[in-house]
Structure formats: structure tokens, C-alpha cells
Amino acid sequence: MEPMINVMQPALGEQELAAVREVFESNWIGRGARTQQFESAFARHIGVDADHVTTTNSCTEATFIAMELLEIGPGDEVVLPTPSFVGAGNAIASRGAVPVFCDVDEATLNPRVSDIEAVLTERTKAVLILHYGGYPGEVKQIAQLCRDRGIHLIEDAAVAIASTVDGQSCGTFGDIGVWSFDHGKIVVTVDGGMLCVRDPELAARAPKIAYLGMEQRSGYDQAMRAQTRWWDFDVTSFSRRSTTNDVLAAIGNVQLSRLGDFIARRREVAEAYDAGLSDVAGLRVPPPLPAGHTSSYYMYWLQFEGGIRDQVARDLYELGVYTTFRYPLLHQVPAYGSSAVLPNAEAAAAKTLLLPMHQSLSDSDVDRVISAVRECTGRRIRVARAA
Ligand SMILES: *Cc1c(COP(=O)(O)O)cnc(C)c1O
């Protein structure tokens, strides 16, 4: 059998290894110059000042920090699309706030303005959207809605690292944006995240929350002049330690420099899938991007008519093509205690399948995926229609 084609996969190589070696040899592996360099490069990439960004050890952690910065608390409602990452739901629930799940567009799995409006109440304190598969969705209009209503907007841009609307980066439309560099994302630092905070005062608090809430009383020089101790400190919040280190940041610097190439390849793969699959009966490819939108092409999804999705997924696995579905609907996870009925999301979750999508796919991998999907879909559709 041919080797399994992964659904997602990091692209780490010699350049990243060389960068790690350099950090080892420098003897400074903790948070330092490389982390600062990573923050500056990332800030430049998304078009903001470096003062507004803070690296964290994961995107989930960045989301928890966002909740703390915006003082989300007991009784507050935070609206999020039901196909969201579980960490977003946990960040809300852990504050004693209520996650309120909204529906999405069936074809894009992104929430529309109307989906969010439908669940707003006077207790809504924030909206937390993500950009499904790297597609921006109605982020601009949702940001406007939140401004009009005096509600915070948090963007989970974990998979939208190169997504833009009219030239503006996803993650910068709302009050706070968060990104992920975990093992399954596009830019990978093994584990890691980034937080971008629009308000300058809150942005200045973010790194303190990310590092034990510590407030250095004075720097070394100041302490020497004042003849006090430079190791004294106070805490401004009872925080955890959510920082990263220079080993991971060095990997991130290399990965960020390769991002353009990564996205270009992902786009080629998406276009090849579109060309190879859009004519298959009973199968829907992702809708075209609206004018002015760019995608990170993090996910490529198909939607199957006739209830054959699970069967096709198993058939593809037998042929060495690994697939999956993200994100299982949170309103159906018992712990969140939701009784919502969200028909579009439920329909989408029953028929959507993610194909292999990463920058290391070869042309022959892509051809193999296309012919496997054509074969399995055709067979299962015929059986379903005959029944
Ligand atoms: C992966 C992912 C996250 C979580 O990122 P971590 O860095 O693993 O915490 C959050 N949101 C979305 C949409 C993701 O895909």
C-alpha cells in the first residue's frame, strides 16, 4: 500500500534545525532576543506596532488571557459559533461566563452577522469568532456590529495567519486577536501562540498577565542607583506563566520567513482540488472567496449529499488518504450545558469532510487524493441513490 497522506503536517527542516542550534550555542534558551524578534516580525506581518503583540505558549492560553483582559466574568454572555475550537469554549466557561453558541453559514461554516445578531442579549459582553479554514468570513461587518452595540470582539485567528479583507489582516478587526503555532498549524513552533491587543493600555498589561502578573519594581540600573535590590517585585494579577522561549521563537522566525511560500503552495493545492472535484455529482467544494478576501488555505473541505460522508471517509482511509472534520459542534458537548438548536451548523457537521491540506503535498499526492475522492464518492452515491 502507498504511504498514508496526512490531513495536516508541519514543514520543519534544516533551516529550523540550524536556528535551534544557534540558540543552543548562544547559551540563552529562555525568553530573550529571538522572542522579541519573533514578536516584531509577526507584528510587521499583520500590520501593527510591536507594542500590541505578546507571544504565549499556546493560542488557547492567549484566549484565556484575552478573557482576563476584557474582564469577562460570571453572568456575562460570550457569543461564539458552535463549530469553534474547544479552548475558546473553555476560556469563556472558566471565567464563570456563559458561552452562547450561534449558527453558521452551511457552506462556509463561518457565522454571518445575522447569526450573531440572533443570539445577542443585554448580557452579551463579547463575541468570539474564528475564521473557518482560514476564510475571513463576514469579519468586517461583524466588527461593525460589535462596535455599534458596544460589545467586545475577539478573533480566534489561529488558522488565519495570512488571511486578509481589503488588505487588513484577520485578527486585527476586533479588540483582541489570537493565533496558534501548534504542531498542526501553518507556521509551527511546536507549541505557541500570539496575542494582539488593540487598546494600548490593555496591550501593555498583556505581557504581565502572560508572566505571573509580575511587576518589576525596578530595573538593575535603577536599583543600583537607588541602592535597593533588583530582585524585588510585586504582582498585579495572580497569573500563570504563559510565556514562550527563544528556542521556539527561533523556529518561528524561520517559519514566518517561509510563510509566503507555504501559502502559495496551499493555494495551488486548493485550486487543484477545485479543478479536480467541482464537477463531481453530489459533492460541493468550498465557495469562492468574496472579492477583497484572501485565505490562508488552512483547510479544504468537501460537503457530501446523501448522508455518505462517514462512509467516504472510511473508504478514503483504506486508500491511504487521511481526512477529518473540524470543529465538532460545541453546543452538543454536554459540559457546556447548551440547549440550542442550530440547524445550519448541524447540517454542515453531518456532511463536511476535510481533505489533506498542507504545504508538503506533492503533485502526485494531490492527484491521488482527487482520484480517490472521485472513485469513493461515485461508488457511494450510486449505492445511496439505488437504495
Ligand atoms: C488549533 C486551534 C486553536 C488552539 O491552538 P493551540 O495553540 O493549540 O492552543 C484555537 N483555535 C483554532 C481555530 C484552532 O484551530
Helices (runs of 4 or more DSSP H) wholly inside segment 294-387 that include at least 1 residues being among the acidic types (D, E), surrounded by fewer than 21 Cβ atoms within 10 Å (Cβ to Cβ) and in contact (Cβ under 8 Å) with a residue 60 or more places away in the chain: 309-318, 363-386
Sole exception among (1) within 15 Å of the ligand (Cβ to nearest atom); (2) assigned to a loop (DSSP other than H, G, I, E, B) for E155, by number: (2)
Residues being among the aliphatic types (A, V, I, L, M), surrounded by fewer than 17 Cβ atoms within 10 Å (Cβ to Cβ) and part of a helix (DSSP H, G or I) - total across segment 226-258: 1
V20, sole failed condition from (1) aliphatic (A, V, I, L, M); (2) closer than 24 Å to V188 by Cβ; (3) away from the ligand (no atom under 16 Å from the Cβ); (4) crowded, with 20+ Cβ neighbours inside 10 Å: (4)
Meets criteria (of a type in the set (G, A, S), outside the structural domain of A291 (by TED's automatic domain parsing) and touching a His at 6+ places or on another chain (Cβ under 9 Å)) for G89: no
Residue within segment 69-84 that is within 16 Å of the ligand (Cβ to nearest atom), polar (S, T, N, Q) and in contact (Cβ under 8 Å) with a residue 12 or more places away in the chain present: yes
Among (1) touching a Phe, Trp or Tyr at 6+ places or on another chain (Cβ under 6 Å); (2) within 11 Å of T56 (Cα to Cα) - the single one G252 does not satisfy: (2)
Residue in segment 180-188 that is buried (at least 24 other Cβ atoms within 10 Å of the Cβ) and touching a strand residue (DSSP E or B) at 6+ places or on another chain (Cβ under 6 Å) present: yes
Flag if I129 is within 15 Å of the ligand (Cβ to nearest atom) and within 14 Å of L145 (Cβ to Cβ): yes
Candidates G192, G174 - the one that is within 23 Å of T82 (Cα to Cα) and within 16 Å of the ligand (Cβ to nearest atom): G174
Residue that is farthest from the ligand (Cβ to nearest atom), among those in segment 297-318 that are of a type in the set (A, V, I, L, M, F, W, C) and out of contact with any Phe, Trp or Tyr (no Cβ under 7 Å at 6 or more places or on another chain): I308
Qualifying positions in segment 228-279 - at pLDDT below 95 and either in contact with a Ser or Thr (Cβ under 6 Å, 6 or more places away or on another chain) or aliphatic (A, V, I, L, M) (or both): V235
Hits in segment 266-293 (condition: outside any loop (DSSP other than H, G, I, E, B), surrounded by fewer than 17 Cβ atoms within 10 Å (Cβ to Cβ) and of a type in the set (D, E, K, R)): R267, E268, E271, D274
Single match in E61, E117, E122 (criterion: at pLDDT 95 or above, charged (D, E, K, R) and within 16 Å of the ligand (Cβ to nearest atom)): E61
Qualifying residue in segment 127-143 (condition: assigned by TED's automatic domain parsing to the domain that holds T63, at negative phi, among the acidic types (D, E) and touching a residue at least 60 places away in the same chain (Cβ under 8 Å)): no
Any hit, segment 91-101, residues being of a type in the set (S, T, Y) and crowded, with 23+ Cβ neighbours inside 10 Å: no
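The values are calculated or read from the model by the stated rules, or taken from the named source; none is laboratory data. Keep in mind that this is a model prediction, so the values were computed, not measured. Counting neighbours? That spans all protein chains shown, and the Cβs are built from the backbone with ideal geometry, glycine included.
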